[in-house]
Amino acid sequence: MLRNFLVTAAILLSGYSHALQVDNFVLLDHRGDAHELFYHRGAPAVVIMAYNQNCKAATDAIPALQSLQSKYNDQVEFWLLNSDATVDRKALAQHAEASGITLPILQDDTTLISESLQAQYAGEVLVLDPRSWRVAYRGSVQSEGQTATSAIADTLDSLASGKTADAHSETVKGCEITYPDRSETASISYASTIAPLLQQKCVVCHTEGGLGPWAMNSYTMIQGFAPMIREVVRTKRMPPWHADPHIGQWKNDISLTTEETRQLIHWIEAGAPRGSGSDPLASNTIDQVEWPLGEPDLILEIPAYTVPVSGEVDYQFPTVKNPLDTGVWVKAATVVPGEREVVHHILAGTQDSDTTELRRTSGVFDNYLIGYAPGNESHEFPDGTGVYIPPGGEYLFQMHYTPIGREVVDRSKIGLYLHREVPENYFRQDVVVNPMIKIPPNTARHTEVAYYAFDKPATLHNLVPHAHYRGVASRFELWKPDGEKEVILNVPNYDFNWQRTYEFVVPKQIEAGTRLVHTTWYDNSAANTANPDASREVPWGLQSWDEMLYGAFSYTWVDENTEAPIHDKMMARTNQYVGFLDQNIDGKVSWRELPRSIKKQLVQGFSTVDTNGDGGLDLQEMHKLTERRAEQRREESEAPSPQSGAR
Ligand code: HEC
């Protein structure tokens, strides 16, 4: 009796406290953009309709849903949730385009999210109240005899006015969603399925003395952390691999497959049963071979750093003078972190002795070697290629440390493996940058774009997206000379904490005249929990409170070999500069787009440089301009300067 009374009271107090409470999740939509449910904690409501493009009840409901969305213009978040895992991204995008669907169609590849929302039919609508994350309405958009649309609108009206809506639930008309048989999932084995999966994808960090904050060393630990594992997997926080699985194939891909994700979550939801068999995690030790590729030819000690007890440590950029007085060809590099628990990642490379002051102080490498993160200790360059390190200059490191509650002195090192003979080709590295970015305050999704113009055929080997606290998504595309655009890497939920090198399993061939276009999206709103200050206009800067549009990549020139190098540093710089000066990305730099310093030198000369007279400088014309400026500089330095005495 007492129990009944309490339940009734609770319902009276909160309206729908008996309704399903929904957990957070992150899903990608048909365009490859990420959506996190709890990001919308400030919205009056989130509306989700389970969707299947082959279900008439669902497709018929779209116009009504979209007109509801426009009624609550952008205040309420509206999503379609595709729970048919057999439909691929392209088919979904084509369907959206053909049917005039403007709402994001979230792809629930594992069907885990639809399942946990207890969605039974495509066409079923859920209105969620972000104050409690409970389902305030469940029903159809259109139902017989009565206008369900108005029932949804009533719910949204009361949520928007800060009231709790009356929990409302209706019979749904739609197409039944099929889920994996739960009786099968209840028998997933810890010993033969779950533990080996964790060992393969997680233990490299979640081990004693590893980077992860807890060690996966027994069933008891896994059982204790099970709810948290479910959460970090649903929100795509772990494993820390952020490439869109629908695009490209990568070496060192540590993401969970659809099947693995399903097994892990279903096992947890079944109560994480121990079952029988000995515990593979109990003997969880990682073979610590110091140099997995053998004894290096050159070992450099990275200057020691004392990691404080707590707080945030800014990136450190220690340098080591190049100890060699001859040039060498590196064929592979291995990083050995001193203290695995605090070394989050290390980027390593060199700066030439003649590098400009700007580059020297910007942490930009002339010759990039390796991006270390746990599980990515070594970088072997493609067969027959090497990174040439000229004599002089400095080794430069970008160190990211994370404090662990006690002071730790880190002494990391890097080992280099050298070619005995000059390799066939150069392994080269460059960066798509835009130092002119400006990110307006209180803006949730600001876009910055730049490109690198390939003037010759090349082979692309890897990509490294980089931004700071406000960077939330990043994409690399090839814009080919015939007009085709191909997305080659999509990182829809970029996380500043994880600097990853994405290395192609099959390197990409690039035609001359292709632009490598890099886009980064920044969230400079208060809803971005990583944002240190939403009221600030954010410029380019090295420090994490400023921002960068920075996409590094490694490549080889197809027509180059070490006996006949074709690479020209100045020309490569021009390929890079065009990519951010050309603000409207039409392939040429107009007079308006030119920086003042160049304009000054060209007041009479623009038309002489713009040889085809189309009002803009294309890559060839920019190259000529670069040559002309280099010549002028040579002449100036050779000619006795009339002012030299006066200085
Ligand atoms: C490359 C290293 C690495 C790998 C691989 C990795 N983790 Fe983690 N994990 C971390 C670090 C570092 C943290 C803490 C910081 C963070 O959350 O980003 C963490 C945090 C977590 C947390 C949250 C703990 C907390 O207190 O918030 C869970 C749960 C977790 N990991 C589970 C997993 C699972 C499950 C896998 C494999 C599917 C995995 N991790 C793979 C490094 C890793």
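Any read-out appearing in this document is the output of simple, stated calculations on the displayed coordinates, not a laboratory observation. Keep in mind the model is a prediction, meaning the values are calculated, not measured. Positions of Cβ are backbone-derived with ideal geometry, glycine not excepted, and every protein chain shown enters the neighbour counts.
Label point 7 Å out from Ala85 along Cα-to-Cβ: which residues of segment 97-141 have amide N under 12 Å?
Answer for this model: 108-115.
In debye, nearest 20: dipole of the chain around its Cα centre with unit charges on the Cβ of K, R (+) and D, E (-)? Before the final figure, lay out each step's value.
Values: 55 positive and 84 negative charges, 262 e Å.
Value, rounded to 20: 1260 debye.
Once the other residues with Cβ under 10 Å from the Cβ of Asp495 are scored (Lys, Arg +1; Asp, Glu -1), what is the net sum? Each step should come with its number before you reach the end.
Values: positive: Lys236, Arg237, Arg500; negative: none.
Once all neighbours under 10 Å are counted, the net charge is +3.
Compute, for segment 182-283, the length of the dipole vector about the Cα centre, with Cβ point charges of +1 (Lys, Arg) and -1 (Asp, Glu) only. Units Debye, rounded to 20.
Once rounded to the nearest 20, the dipole reads 140 debye.
In what sequence, highest mean first, do 451-458, 514-521 appear when ranked by Cβ atoms within 10 angstrom?
Highest-to-lowest ranking by the protection proxy: 514-521, 451-458.
State whether segment 78-237 is rounded, prolate or oblate according to the following rule on the C-alpha gyration tensor (a ≥ b ≥ c being the square roots of its eigenvalues): a/c under 1.5 gives rounded; otherwise a/b larger than b/c gives prolate, and the remaining case gives oblate.
Prolate, because a/c is 1.5 or more and a/b exceeds b/c.
How much net charge surrounds His30 when only the other residues with a Cβ under 11 Å from the Cβ of His30 are counted, with Lys and Arg +1 and Asp and Glu -1?
Values: positive: Arg31, Arg89, Lys90; negative: Asp29, Asp33, Asp88, Glu97.
Overall, the nearby charge balance is -1.
Which of rounded, prolate, oblate describes segment 381-538, given a ≥ b ≥ c as roots of the alpha-carbon gyration tensor eigenvalues and a/c under 1.5 marking rounded, otherwise prolate only if a/b is larger than b/c?
Oblate, because a/c is 1.5 or more while a/b does not exceed b/c.
Taking the Cα centre of segment 243-304 as origin and charging only Cβ (+1 Lys, Arg; -1 Asp, Glu), how large is the dipole, in debye to the nearest 20?
Result for segment 243-304 is approximately 380 debye, rounded to the nearest 20.
Considering the options Ala195, Pro465, Thr443, tell which one lies farthest towards the positive end of the dipole of the chain, charges being +1 on Lys and Arg and -1 on Asp and Glu at the Cβ, about the Cα centre.
Thr443
Is any residue of segment 224-259 close enough, with backbone N under 16 Å, to a label point placed 7 angstrom from the Cα of Gln21 along the Cα-Cβ axis, and if so, which?
Output list for this probe position: 227-228, 231.
Any of Lys90/Lys456; Lys90/Lys480; Lys456/Lys588; Lys485/Lys569; Lys456/Lys485; Lys480/Lys588 with alpha carbons more than 24 Å apart? Name them for me.
Lys90/Lys456; Lys485/Lys569
Could you calculate the contour length gain from Asp325 to Gln66, that is, 0.36 nm times the residue separation minus the distance between their Cα atoms, to one decimal place in nm?
86.5 nm
Report the calculated FRET efficiency for Ala215 and Glu424 (r = Cβ-Cβ distance, R0 = 41 Å), to the nearest 0.05. Spell out each step's value before the answer.
Details: r = 45 Å, r/R0 = 1.09.
Working from the Cβ atoms, E equals 0.35.
Between Ser161 and Asn73, 0.36 nm times their residue separation minus their Cα-Cα distance comes to what?
30.2 nm is the gain from fully extending Ser161 to Asn73.
For Arg406, project a label point 7 Å along Cα to C-beta. Then give me every residue of segment 338-356 with its amide nitrogen under 18 Å of that point.
338-343
Could you go through segment 110-127 in sequence order and give the Karplus-derived ³J(HN,Hα) for each residue, using 6.51 cos²θ - 1.76 cosθ + 1.60 with θ = phi - 60°, rounded to whole Hz, and x for Gly and Pro?
Once θ is set to phi - 60°, the couplings for segment 110-127 become 8, 6, 5, 6, 4, 4, 6, 7, 6, 6, 10, 10, 5, x, 7, 10, 10, 9 Hz.
Work out how much length Glu638 to Glu259 would gain on full extension: take 0.36 nm times their residue separation and subtract the Cα-Cα distance, in nm to one decimal.
Residue separation times 0.36 nm, minus the Cα-Cα distance, leaves 129.6 nm.
Are there any helices in the chain, counted as whole DSSP H runs, that stretch 20 Å or more along their axis by Cα and score at least -1.0 on average by Kyte-Doolittle, and if so which?
Helices passing the filter in the chain: 219-234.
How would you order 592-598, 174-180 from highest to lowest mean count of nearby Cβ atoms within 10 Å?
174-180, 592-598
Rounded to the nearest 5, what is the percent of antiparallel bridges among the DSSP beta bridges in the chain?
Values: 102 of 116 bridges.
Roughly 90 percent of the DSSP beta bridges within the chain come out antiparallel.
Sequence-distant or interchain residues sharing an amide H contact under 5 Å with Arg536, placed H: which?
Asn442
If the convex hull of the alpha-carbon atoms of the chain is projected onto planes in all directions, what is the mean projected area in square nanometres?
Averaged projected hull area, Cα only: 36.5 nm².
Highest first, please rank the peptides 48-61, 205-218 by the mean number of other Cβ atoms sitting within 10 Å of their residues.
48-61, 205-218
What does the charge count near Arg406 come to, summing +1 for each Lys or Arg and -1 for each Asp or Glu among other residues with Cβ under 14 Å from its Cβ?
The answer is -4.
Given the C-alpha centroids of segment 176-207 and segment 425-448, what is the distance between them in whole angstrom?
The two parts, judged by their Cα centres, are 39 Å apart.
Could you please state, rounded to a whole Å, how far the C-alpha centre of segment 44-61 is from the C-alpha centre of segment 565-580?
Centre-to-centre (Cα) distance: 49 Å.
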